[in-house]
Amino acid sequence: MKKRWRFYKKSIFEFPYEESSGTAVIKDIERILLDMSQASYKAGRKNEAYGYLIGLIIDSQNKYDLTNYLKLNKEDLKNFKKDLDKALKTIQKGKYFSYNFKFREASVFFYPMLEQSVKEWEEGVHNSEFYKNLK
């Protein structure tokens, strides 16, 4: 499993795309992060899986897989919301254009399309349909 993560991360950080379209690069990275989430989930690392999907929500509002995982695991949505709020406060600049954060015990990253402040990402999540449905 560790090899898989090493290769995923290499594809983003060590072998950057030579593409003129920033949108294409971000879409490919988002697909890799979705793959990392699915692999984490299958390996029983659900908080890591949640973390990568939270990263996708922060940047692109992709909420579908996370909503499904929460339902499958019968997560307490109030506790999840509290943990999400804590995670948003841990966002820090990472390698290249990425940002790192910690969700529960899992350290994860996301790769945003636009540069924003942590406060702006936090507000974006708080204003999202996904967040509003966490009761």
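Of all residues in the stretch 126-135, which are assigned to a loop (DSSP other than H, G, I, E, B) and open to solvent by less than 30 Å² (accessible area, probe 1.4 Å)?
Ser128, Leu134
Okay, residues lined up against (1) in a helix (DSSP H, G or I); (2) of a type in the set (A, V, I, L, M, F, W, C); (3) touching a Gly at 6+ places or on another chain (Cβ under 7 Å); (4) without any contact (Cβ under 8 Å) to a residue 40 or more places away in the chain:
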site: Gly55; (1), (2), (3), (4): yes, no, no, no
site: Tyr69; (1), (2), (3), (4): yes, no, no, yes
site: Lys81; (1), (2), (3), (4): yes, no, no, no
site: Asn100; (1), (2), (3), (4): no, no, yes, yes
site: Gly124; (1), (2), (3), (4): yes, no, no, no
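So which residues in the stretch 105-119 are loosely packed, with under 15 Cβ neighbours inside 10 Å and at pLDDT 85 or above, if there are any at all?
Listed by number, the residues that qualify are Glu105, Ser107, Ser117, Lys119.
Inspect the stretch 63-70 for any residue being charged (D, E, K, R), open to solvent by less than 80 Å² (accessible area, probe 1.4 Å) and closer than 20 Å to Ser128 by Cα and give the result as yes or no.
yes
Under 6 Å between Cβ atoms, which residue pairs at least 6 apart in sequence (or on different chains) link something in the stretch 30-51 that is free of Cβ contacts under 8 Å to residues at least 24 places away in the same chain with a partner that is open to solvent by 40 Å² or more (accessible area, probe 1.4 Å)?
Between residues of the stretch 30-51 that are free of Cβ contacts under 8 Å to residues at least 24 places away in the same chain and residues that are open to solvent by 40 Å² or more (accessible area, probe 1.4 Å), the close pairs are Ala49/Tyr41.
The values are calculated or read from the model by the stated rules, or taken from the named source; none is laboratory data. Because the structure is a prediction, the values reported are computed rather than measured. Note that each Cβ is placed from the backbone with ideal geometry, even for glycine, and that neighbours are counted across all protein chains shown. These accessible areas exclude ligands, DNA and RNA; they are computed on the full protein's heavy atoms, side chains included. Shrake-Rupley method; radii C 1.70, N 1.55, O 1.52, S 1.80 Å.
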